[in-house]
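Engineer: Supplied in structure tokens, the structure appears directly below.
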């Protein structure tokens, strides 16, 4: 069982470019990341902050803390929503003249910040997300402005009937560092 898995990882590593494209962060150099977003289909806001590392030329890993309040557009009140700790894998497809195209996968945990029917405040569950294609534009030598449409699903209640809040949202973020 271990040999096929090691062979698969070896083949994947061999196909990745060995040198970083011009302008990408140095390997293992930490970069700070902040972002804000809005979801209109299931009304919500989002604010997150975190750190990114680039262990390979086209792969970055990140950890973010995200606050995601929910809004009821019909009656107007805000609900505190969830607080999520999220790990991200970011694949950089290409970089052309200061524009990067990226795909992001998110996996983490979410904490419910209010009581809902069948889901008590303090419930802890999963967080899943996918940014199929985003663009990051270099605005300064060590600063990127990112535009990322995301589909995320915090699922803070996993017992009994799962409580999930799927969101299609647009995130705008800044990333800076060496």
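Engineer: Pull out the extension gain between residue 74 and residue 93, defined as 0.36 nm times the separation in residues minus the alpha carbon to alpha carbon distance; nm, one decimal.
Structural biologist: 2.8 nm
Engineer: So, one more: Say each of residue 170 and residue 147 gets a label point 7 Å from the Cα, pointing the same way as Cα to Cβ; how far apart are those two points in nm?
Structural biologist: Inter-label distance under the simple model: 0.8 nm.
Engineer: Size of segment 95-178 along its principal axes in angstrom, Cα-based, largest extent first?
Structural biologist: Here the spans come out as 51, 21, 16 Å, largest first.
Engineer: Using 0.36 nm times the number of residues separating residue 159 and residue 117, minus their current alpha carbon distance, what extension gain do you get?
Structural biologist: 13.8 nm
Engineer: Can you sort 96, 105 by how many other beta carbons sit within 10 Å, fewest first?
Structural biologist: Exposure proxy ranking, most exposed first: 96, 105.
Engineer: At a Förster distance of 22 Å, what's the computed FRET efficiency of residue 135 paired with residue 40, Cβ-Cβ distance as r, to 0.05? Intermediate values should be presented prior to the final figure.
Structural biologist: Details: r = 20 Å, r/R0 = 0.91.
According to the calculation, E is roughly 0.65.
Engineer: Take 70, 144 and order them by how many other Cβ atoms sit within 10 Å, fewest up front.
Structural biologist: Ascending Cβ contact count within 10 Å gives the list 70, 144.
Engineer: Would segment 20-125 count as rounded, prolate or oblate if I go by the C-alpha gyration tensor, calling it rounded below 1.5 in a/c and otherwise prolate when a/b exceeds b/c, oblate otherwise?
Structural biologist: prolate
Engineer: If you don't mind, another one. Taking the Cα centroid of segment 85-145 and of segment 30-69, what is the distance between the two, rounded to the nearest whole Å?
Structural biologist: 4 Å
A short reminder: the numbers here are calculations on the coordinates, not readings from a lab. What you are looking at is a predicted structure, and each value in this text was computed from that prediction instead of being measured. Virtual Cβ from ideal backbone geometry, glycine too; neighbours counted across all protein chains shown.
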